[in-house]
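Shown next, in structure tokens, is the structure this report addresses.
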Amino acid sequence: MTKRTTSFRILALAALAPLAACGDLLDVESPGRIADSDLGDASAVPGLVVGMRYDLSQAVETTLESFTLAAGELWHGGSYDWADIPRGIISIDDVGGEWNSPHQARWVAEQGVLRIQELIPQEEFNRSGLVAEAYMSAGFANRILGEIFCESVIDGGPLIQRTEHFSRAETAFTNAITVAQAANRSDIVTASYIGRAAAKAWQGDWAGATADAQQVPDDFVWYAPVDIEMRNEIAYETFDRYEYTVWGTEFENHVGDPRAPWDTVFNADGSIANGANGSTPHYQQQKYTSNDDDIALAKGTEALLLRAEAALRSNDIGGAYTLMNQARAVYGMDALTPAADINGAWDDLQFERGATLWIEGRRLWDLHRWYTAGSGAAEYHPFMEGRQSCYPISEREYNTNPNLTPP
């Protein structure tokens, strides 16, 4: 049985945007098609932003299974054909929705901002909560692309480095913060500070990242909403089908961690249940238990761990543990005892970040950057030995983009 995510690029914003009347603006609903002529006045703006929200949630959900397996957060114990992705070998023909869906989310948000600017007066644009969310959606979509792909393109253009997405994300989050402050949308301001902190850190600006992360309450969470129609596939595939298991991962050895909860599934006779492949023990993740469970995009605990990592990069072990323990306190966990040296401190930081952001699509990037620091660096992480730590451009993009030459 094959499990491959597929999507396709839509070339008109009108085809992606739902009518403003389709549901509450705090929900996510499947977009419907409307004529471009119906997007010609301000009444279309709420629908455009709902469309952006939907596409961003779709990008997060569509990519989550693949990224989770590639990062070793769950193991494939099922019957689907994931090729060699669980073993860290990713070819261009393995990449479909992982490429298309976040690019669609990026394009819809970036182009949607330009369309909204044509529809409402500039003064209103500069203080609109909807505009702030549109900018924020563009920021998160670019963050996904930068964290996952080795290289990229923008709208069928020439090859670019992944860092271009971090630059675009930083600009989008900056705009989101400015507009959200004028709109008195403190939730968007806070989520965008977390997003911008990461974008700055990934460009090497750890001082700027720390300053942004300091603006965030410890217990803040911003989610990508998921509905039953979209479906949280991790929940479905671990509760309904037994496809993915915690068995064989580093998190198997941390029973009872509230950030990475899992439980053993037993048969009626008391034996451990196997996954859909009939042989792999099914250690069931308990983070997502319902098909409409939302997926976190930005968290205050993430901000604390960014600050902790910045401290370690300045050899401030004590300061790093203060921040790590502040994050653990959010989950009611006991404080860690500081390691005796910088290497031990990095080991703790890497696990703390992995547990805090477990199965949220963020681990592969962390492993990539720590691994590429080199085996002589304190932050070096060996998990990626013999594995690919980023995704290639998709085969379809190579076949349709005249600026690219297939490998």
Treating each Cα of region 341-407 as an identical point scatterer and ignoring solvent, apply the Debye formula and state log10 I(q)/I(0) at q = 0.17, 0.19, 0.22, 0.29 Å⁻¹. -0.69, -0.78, -0.91, -1.24
Taking region 204-275, which GluC sites (Glu not before Pro) meet the DSSP loop condition and have no more than 15 other C-beta atoms within 10 Å? GLU229
Rounded to a whole number, what % of the accessible area of region 215-373 do carbon and sulfur atoms account for, probe 1.4 Å? 45 percent
Could you check which residue among VAL246, VAL45, VAL255 shows the biggest mean-square fluctuation in a GNM of the chain with a 10 Å Cα cutoff? VAL255
When the convex hull of the Cα atoms of region 210-326 is projected onto a plane and the area is averaged over all directions, what value comes out in nm²? 9.4 nm²
Under a no-solvent Debye model with one identical scatterer per Cα of region 131-195, what's log10 I(q)/I(0) at q = 0.16, 0.24 Å⁻¹? -0.50, -0.87
I need the semi-axes of the equivalent ellipsoid of the chain: take the C-alpha gyration tensor, multiply each eigenvalue by 5, square-root it, list largest first in whole angstrom. 33, 26, 21
Summing +1 per Lys or Arg and -1 per Asp or Glu among the other residues with Cβ less than 9 Å from LEU349's Cβ gives -4
Here the relative contact order (percent) of region 98-198, from C-alpha pairs under 8 Å and at least 6 apart, is 30 percent
With point charges of +1 on the Cβ of Lys and Arg and -1 on the Cβ of Asp and Glu, referenced to the Cα centre of the chain, which listed residue (GLN326, THR171, GLY129) lies farthest in the positive direction of the dipole? THR171
Gain in span if fully extended, THR163 to TYR223, counting 0.36 nm per residue against the direct Cα distance: 19.2 nm
Short version: ³J(HN,Hα) in whole Hz for each residue of region 94-110, in order, from phi by Karplus 6.51 cos²θ - 1.76 cosθ + 1.60 (θ = phi - 60°), x for Gly and Pro, what are they? 8, 9, x, x, 4, 8, 5, 5, x, 5, 4, 4, 5, 5, 4, 5, 5
Using a Gaussian network model on the chain with a 10 Å cutoff between Cα atoms, which of GLY204, GLY275, GLY300 fluctuates the most? GLY204
Points 7 angstrom from Cα along the Cβ direction at GLU385 and SER43: gap in nanometres? 6.5 nm
Region 228-288, relative contact order in percent, only Cα pairs under 8 angstrom and at least six apart counted: 39 percent
Any idea what % of Cα-Cα pairs in region 66-200 are farther than 18 Å? 60 percent
Contour minus end-to-end for VAL255 and ALA182, with contour as 0.36 nm per residue of separation and end-to-end as the Cα-Cα distance? 21.8 nm
A student asked for the Cα radius of gyration and Dmax of region 224-274 in angstrom ought to give 13.1, 39
Å² per residue, accessible surface of the chain at 1.4 Å: 39 Å²
Go ahead and set up a Gaussian network model of the chain, Cα springs under 10 Å, then flag whichever of ASP55, ASP84, ASP366 fluctuates most. ASP84
Rounded to a whole number, what is D in µm²/s for region 263-407 from Stokes-Einstein with the Kirkwood radius over alpha-carbon pairs (10 °C, 1.306 mPa s)? 86 µm²/s
Ignoring ligands and nucleic acids, what accessible area does ARG313 show with a 1.4 Å probe (Å², nearest 10)? 100 Å²
Kirkwood calc, region 44-143, C-alpha pairs only, radius in angstrom 15.0 Å
Around TRP262, which amide H atoms from residues at least 5 apart in sequence, or from another chain, sit under 5 Å from its own amide H, with H modelled in the peptide plane? GLY256, GLN286
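The values are calculated or read from the model by the stated rules, or taken from the named source; none is laboratory data. Values in this document were obtained by computation on a predicted structure and should not be read as measured data. So basically every Cβ, Gly included, is an ideal-geometry build from the backbone, and we count neighbours across all protein chains shown. Keep in mind that these areas ignore ligands, DNA and RNA; they rest on the heavy atoms of the full protein, side chains included. Shrake-Rupley method; radii C 1.70, N 1.55, O 1.52, S 1.80 Å.
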